[in-house]
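The values are calculated or read from the model by the stated rules, or taken from the named source; none is laboratory data. As the structure is a computational prediction, the values presented were derived from the model and not from experiment. Cβ atoms come from the backbone with ideal geometry, glycine included; neighbour counts cover every protein chain shown. Protein only, heavy atoms only, side chains kept; ligands, DNA and RNA dropped before computing areas. Shrake-Rupley method; radii C 1.70, N 1.55, O 1.52, S 1.80 Å.
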Amino acid sequence: MTKTVQHWIGGKAVESASGTFGPVTDPATGAVTTQVAFANVDEVDAAVASAREAFATWGTSSLAKRTAVLFKFRALLDANRDAVAELITAEHGKVHSDALGEVARGLEIVDLACGITVQLKGELSTEVASRVDVSSIRQPLGVVAGITPFNFPAMVPMWMFPLAIACGNTFVLKPSEKDPSASMKIAELLAEAGLPDGVFNVVHGDKVAVDRLLEHPDVAAVSFVGSTPIARYIHTTASANGKRVQALGGAKNHMLVLPDADLDAAADAAVSAAYGSAGERCMAISAVVAVGSVGDELVAKIKERAEKIKIGPGNDPSSEMGPLITAAHRDKVASYVTGAAAEGCEVVLDGTGYTVAGFEDGHWIGLSLLDRVPVTAQAYKDEIFGPVLCVLRVDTYEEGVALMNASPFGNGTAIFTRDGGAARRFQLEVEAGMVGVNVPIPVPVGYHSFGGWKDSLFGDHHIYGNDGTHFYTRGKVVTTRWPDPSDAPAGVDLGFPRNH
């Protein structure tokens, strides 16, 4: 019998009244295992109303109370990390070790939220004028919303809601309809940790739910992670409705390999960064830029390693890469490979047509490697979001950086070299928000903020870290003047000497 995923409103699962559902498939088998309720406008309004009601008390609750709940949630999430990872694998398809890694990275932000007291301390200047003090404080916004993608159904929501609720806001999550169960498990764990009803809500759905959150007058801010076209739409629409917005978009992340690099380390990094999680991550390295004479040897080393990757169901411990999220996405990814030769690419590995014995209906694709890719090829210009690695050839460091900076995306980038001077130049000259030096996927730890430049980010704030705290709060400056006790009216003795 097909499972139904409902909404989570006011501290409990709420059966949908919309009558509209979407299918959730097991990517390894292609079978529909679950249906997810799609919220209508009234159901989104109910979630926002629940959050607004909860904010009346949660927003003025003590930091000690908020962090106590988060500490309990962290312990419960840690104890249930396998259960959350199994839900991710069942609906997303990624291998169990990848799913566990996703939960671990989400826990980093929960850790940060547990220590939010430091970020919310505020500032004080005394005696800015005679008997005048000025203080700066940060206060919560109210109801905030998160709209999250399919590729990290647990981690990306945890980039948002732990900091949001630690700062005193209440939260409405609209997760991807392709893998909704992890968000419901998280809601259950938050309730078990003692989070008051209405502080965290989940509504599933499609554009109807998204648009209502973007226009709802009681939603103060919207966080989004997804593709660039949708990020631009989220930013434009929410901003037009007076909301604060952080909208993280797509990427085409480059890895520059200099002639002095350790090519074995670079090849290992390229394979891991391009094909890990089946390439379905915005920080995947999808373009390697080989400088000078290293290209042939580097491509040979990448090919040798890629051919050894074992593809199979995510719940098989021997699998190193799982299927793609849907058959339609698999077909779109494959189209970039089948059309590559006609655009001037050299197809070194063609992963299209790949199947796994016993799971022939799964959303499978093998690893693809394209060499000598021209910048005019669609496989280079688009964010493919699958296990396809493009290798581009340049003659010099300067040519490589110019090529990378010409990309409309600026999410993450990396350089592989033994030359500290070249690495220093690169980190200053490259136009991207996150830079790795001999690190292929430079995703910051939780206490530094994540975010790109150019078409990879819309809005002024990066996500989590200090930017996250600032995004979910607004500043207030208080200027005070108090009379000295010696200035008390005659006849009133406060115990202070008159010769003060």
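Per-structure values
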item: Residue count for segment 118-146, restricted to those that are aliphatic (A, V, I, L, M) and buried (at least 18 other Cβ atoms within 10 Å of the Cβ); result: 4
item: Options 247, 240; residue that is modelled with pLDDT of 95 or more, in contact with a Lys or Arg (Cβ under 8 Å, 6 or more places away or on another chain) and at negative phi; result: 247
item: Test for residue 91: is it open to solvent by less than 30 Å² (accessible area, probe 1.4 Å), among the acidic types (Asp, Glu) and within 19 Å of residue 326 (Cα to Cα); result: yes
item: Selection count, segment 53-74, where residues are among the basic types (Lys, Arg) and without any contact (Cβ under 8 Å) to a residue 24 or more places away in the chain; result: 1
item: Contacts under 6 angstrom Cβ, first residue in segment 275-295 being touching a residue at least 40 places away in the same chain (Cβ under 8 Å), partner part of a loop (DSSP other than H, G, I, E, B) and of a type in the set (A, V, I, L, M), 6 or more apart; result: 275/367; 278/324; 282/251; 283/441; 283/443; 291/258
item: Hits in segment 408-424 - residues which are in a strand (DSSP E or B) and hydrophobic (A, V, I, L, M, F, W, C); result: 409, 414, 415, 416
item: Near pairs, Cβ below 7 angstrom, 6+ apart or cross-chain, from segment 210-233 (modelled with pLDDT under 95) to any residue that is assigned to a helix (DSSP H, G or I); result: none
item: Verdict on residue 295 being more than 29 Å from residue 91 (Cβ to Cβ) and open to solvent by less than 70 Å² (accessible area, probe 1.4 Å); result: yes
item: Lone qualifier among 157, 149 - being touching a strand residue (DSSP E or B) at 6+ places or on another chain (Cβ under 8 Å), assigned to a helix (DSSP H, G or I) and either open to solvent by 20 Å² or more (accessible area, probe 1.4 Å) or closer than 17 Å to residue 222 by Cα (or both); result: 157
item: When residues of segment 308-344 are limited to those that are among the charged types (D, E, K, R) and in a loop (DSSP other than H, G, I, E, B), the one nearest to residue 87 (Cα to Cα); result: 316
item: Where residue 259 falls short, out of the listed (1) open to solvent by 50 Å² or more (accessible area, probe 1.4 Å); (2) under 24 Å from residue 383 (Cβ atoms); result: (2)
item: Residue under evaluation residue 347, criteria (1) over 30 Å from the mean Cα position of the chain (by Cα); (2) assigned to a helix (DSSP H, G or I), criterion not met; result: (2)
item: Complete set of residues in segment 374-401 that are open to solvent by 10 Å² or more (accessible area, probe 1.4 Å) and either in contact with a His (Cβ under 7 Å, 6 or more places away or on another chain) or more than 21 Å from residue 451 (Cα to Cα) (or both); result: 374, 375, 376, 378, 380, 393, 395, 396, 397, 398, 399
item: Looking only at segment 303-322, and only at residues there that are in contact with a helix residue (DSSP H, G or I) (Cβ under 7 Å, 6 or more places away or on another chain) and within 19 Å of residue 385 (Cα to Cα), the one that is surrounded by the fewest Cβ atoms within 10 Å (Cβ to Cβ); result: 309
item: Residue in segment 75-83 that is surrounded by 17 or more Cβ atoms within 10 Å (Cβ to Cβ) and farther than 17 Å from residue 186 by Cα present; result: no
